[in-house]
Structure formats: C-alpha cells, structure tokens
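What follows is a short report on a single structure.
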Amino acid sequence: MRFQLQRLLLGSPIPTAREVHERLSKVRGLAIFSSDALSSVAYATEEILRVLILAGIPALLLSPSISVSIGVVLVLVAVSYFQTIHAYPAGGGAYIVARENLGELPGLVAAASLLIDYTLTVAVSITAGVEAITSAAPPLYPMRVEIGLAAIALIAWGNLRGVRESGKIFSIPTYAFIAVIFTLLATAFTRLATGDLIPAPHAEVTGATQALTLFLVLRAFASGCTALTGIEAISDGILAFKKPESTNAGRTLIAMAALLVTMFLGITYLARGLNIVPLGHETVVSQIGRAVFGTGPLYYVLQAATAMILLLAANTAFADFPRLWRSWRACSLSSSAARRTRSSRCTRLASLSRSHFRRRGWCATGLRRKPRAGSGS
C-alpha cells in the first residue's frame with residue numbers, strides 16, 4: 001500500500017541508465033531554468049521607480065536611460081555565461097569558473113553565494129507570488145502562509161516526479177506569462193502610436209525628499225539590476241539538456257536573454273509613457289495593465305500569469321541547487337583524492353630514501369656514515 005501511494009505521488013522509479021531520457025528540450029528548458037529571470041520583469045522597473053521618485057516626479061524621466069544601461073549589462077552577462085557554457089560543458093557555472101581560474105577558496109565563495117541565493121529565491125519568489133494573489137483576492141490574506149507552503153509543496157512534488165514531468169507542469173504558466181506580456185506591449189504601443197491611449201496625469205505623491213544626485217541614480221541602477229536575477233541558472237544546469245548539451249543550453253540562454261531584455265525595456269518605456277508612478281497598494285505592472293486593458297478579462301489574465309510566474313520562479317532553485325551541490329561535491333572528492341595521492345607518493349618516496357640511505361650505510365639524520373663493526377672510529 002505504501003509503495004503504491006509513493007508511486008502515485010512520485011511516479012515510477014527512474015533507473016540511472018534512463019537519466020538521459022529525462023533530459024530537457026530547449027522549449028522545456030526555457031520554462032524550467034528561465035522562470036526566475038523572466039519573473040524579474042514584474043518588479044525590476046518598479047524598483048527603479050521607487051528610488052527615483054524620492055527626487056520627485058521629474059526624476060522619473062531617467063528611468064528609460066537607466067533601464068537601457070541595465071539592458072547592456074544584462075547582454076554582457078549573458079554573453080559571458082554563453083562562453084562559460086561552451087568552455088565548461090559539465091556545468092557548474094560561476095563556481096567552476098572561479099575554482100578553475102582563481103583557486104579553490106574563491107570557488108567555494110562563489111558556490112556558497114549561489115546556494116544561499118537559490119535558498120532565498122524560493123522565499124522571495126513564493127512571498128511575492130502570494131502577495132500578488134492576495135492583492136487580487138483580499139479575503140485570502142489570512143491564509144497567505146498556507147498558500148505559500150502549498151506552492152512550495154507543489155513545486156517540490158513536480159521536481160520529485162522527474163525533470164520532464166516538472167517541465168510539463170511549469171511550461172504552461174511560463175509561456176502564458178510571456179504571451180500576455182507581449183500582448184500587453186503590442187497593444188499598448190499600438191494604441192499609443194494611433195493616439196487611442198492617452199496617458200493619465202501622474203498620481204498624487206508626496207514631494208521630493210532627496211536631491212537628484214549621482215548616488216541616487218546609481219542606487220536606482222543597482223535596484224533595477226534585479227532584472228539580472230537568475231540569469232546564471234542555465235549555465236549551472238547544462239547537463240539537464242538533451243545532447244548536444246552545450247549547444248542546446250547556449251541557444252536557450254540566448255532566447256532567455258532576448259525575451260528578458262525586450263520585456264524589461266518595454267515595461268519601463270510604457271511606465272514612462274503612461275505616467276506610471278509606484279504606489280503602495282498596486283504594482284507598476286498592474287497599473288499598466290489596467291491602463292491598457294481596463295478591468296476586463298485580459299487584465300485578470302495578466303495578474304494571474306504574473307502571480308504564477310512569481311511562484312514558479314522558485315522552481316529555478318529546485319532545478320539548479322542539487323546540480324550545483326553535486327558539482328561542488330564532485331570537485332571536493334576529487335581534491336581530497338588528489339591530496340591523498342600526493343601524500344601517499346611523498347610517504348613512499350621518504351620510505352625509499354630511508355631504505356636507500358640504510359643500504360648505503362648512512363644515518364637517517366645528519367647524513368654521517370655509520371661506523372662499521374670492529375672499526376675504531
């Protein structure tokens with residue numbers, strides 16, 4: 001009975017020899033490894049605006065320029081990881097690169113940082129997703145903890161059933177989010193170009209509390225760099241792709257970077273063109289959707305897709321944490337074996353040297369010849 005329940009929940013056991021058949025295509029790989037990165041477009045623009053609004057509404061004019069700068073950085077980081085994928089086809093990402101080029105300690109720092117980041121990704125993503133749900137349905141607010149735990153359990157269950165199974169489960173929300181965001185961008189820019197969409201006046205906000213300084217602009221840039229979250233995930237999970245692994249992983253990374261840059265810049269320019277300001281009770285994406293779609297079905301589809309992608313962003317951690325841990329463990333065991341081998345060789349060499357000196361009649365210390373029996377010296 002117990003085994004039947006286990007098989008019902010987790011599926012049939014997968015032999016190690018069939019691991020290759022559990023690997024991902026580029027389409028499913030994009031859904032699993034890019035959910036964290038793509039979900040960042042739901043809040044990256046808002047983070048920029050929250051900092052700039054401290055200097056007053058005129059400071060929001062800088063948001064497109066800051067987003068373009070972040071887009072350039074994103075492209076550079078994506079190109080760097082693309083090279084890493086082909087240079088280190090066994091996976092490991094930043095950990096392997098740091099370890100091979102800088103040494104073991106920098107590699108451990110990179111690995112520890114990534115493992116902590118994956119743990120926090122689950123907490124932050126689930127929290128943001130639950131917040132989106134309770135914002136749309138306030139009666140669910142008292143159950144926010146239960147909803148978050150249920151979401152974590154659902155993601156864990158999907159991954160325990162196998163990589164392909166999780167790809168099937170998580171592909172629909174990821175591609176639904178991509179489709180609805182591009183629908184939002186196309187509709188908004190078309191209506192703006194034809195004059196059908198007239199920007200509303202800026203919402204009333206408190207006056208400027210800080211001066212517009214270089215430090216404030218750099219702070220807005222740093223806050224907007226949340227758009228780079230999760231971009232390293234594909235380089236950590238190369239071996240999850242079908243053969244040729246590096247080629248498929250590299251193409252998936254290019255597709256993810258292109259989608260991410262397009263959606264991020266599009267939302268930022270819409271926020272500027274529609275006079276959107278960050279509000280405490282409504283997100284920037286929600287405000288854009290309400291201005292473009294009204295309060296019709298498409299608006300609620302947008303909100304639902306945003307909530308789902310934020311919840312599923314935690315899946316990136318479930319997909320990559322074990323693989324990064326395995327890479328670190330393999331390297332650790334390899335280093336330990338190498339140290340044992342070197343120690344063994346040194347011990348054998350020392351033993352051979354002592355034997356050689358004894359045969360030659362030399363003392364082990366001081367290199368003085370032992371006196372022969374019967375000699376006076």
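For the range 274-321, the orientation-averaged shadow of the C-alpha convex hull comes to 4.3 nm² (one quarter of the hull surface).
Test of understanding: ordering Ser63, Ser35 by Cβ neighbours within 10 Å, fewest first, what list do you get?
Fewest-to-most ranking of Ser63, Ser35: Ser63, Ser35.
For Ala255 and Val27, the difference between the fully extended length at 0.36 nm per residue and the C-alpha to C-alpha distance is 81.1 nm. Judged by the mean number of other Cβ atoms found within 10 Å, the most tightly packed of the peptides 67-77, 281-291 leads the ranking 281-291, 67-77. Computed from the C-beta positions of Gln210 and Ser80, the FRET efficiency with R₀ = 45 Å rounds to 0.85.
Cβ-Cβ distance of Thr262 and Glu104, R₀ of 45 Å, FRET efficiency by 1/(1 + (r/R0)^6): the value works out to about 0.70.
Reported value for the range 192-261: 186 Å³ per residue, from the convex hull of its C-alpha atoms. The slack between Leu149 and Lys243, meaning 0.36 nm per residue of separation minus the straight C-alpha distance, is 30.3 nm.
How long is the gain from Ala330 to Ala222 if the chain were fully straight, where each residue apart is worth 0.36 nm and the alpha carbon distance is subtracted? Provide the component values of the computation, followed by the final result.
Working: separation 108, 0.36 × 108 = 38.88 nm, distance 3.47 nm.
That pair, Ala330 and Ala222, stretches by 35.4 nm at full extension.
Would you compute the Debye intensity of the range 175-334 from its alpha-carbon atoms alone, equal scatterers and no solvent, and pass along log10 I(q)/I(0) at q = 0.14, 0.15, 0.21 Å⁻¹ to two decimals? Result of the Debye calculation: -0.90, -0.98, -1.43. In terms of overall dimensions, the range 19-333 has a Cα radius of gyration and Dmax of 19.9, 65 angstrom.
Put in line by how crowded their Cβ is, counting other Cβ atoms within 10 Å and starting with the fewest, Leu60, Leu270, Leu212 read Leu212, Leu60, Leu270.
For the pair His281 and Arg191, what calculated FRET efficiency results from E = 1/(1 + (r/R0)^6), where r is the Cβ-Cβ distance and R0 = 30 Å, to the nearest 0.05? E between Arg191 and His281, to the nearest 0.05, is 0.75.
Taken together, the values in this text are just the output of simple stated rules run on the coordinates, not laboratory data. Just so you know, these numbers come straight off a predicted model, no measurement behind them. Glycine gets a Cβ as well: all are built from the backbone with ideal geometry, and neighbour counts include every protein chain shown.
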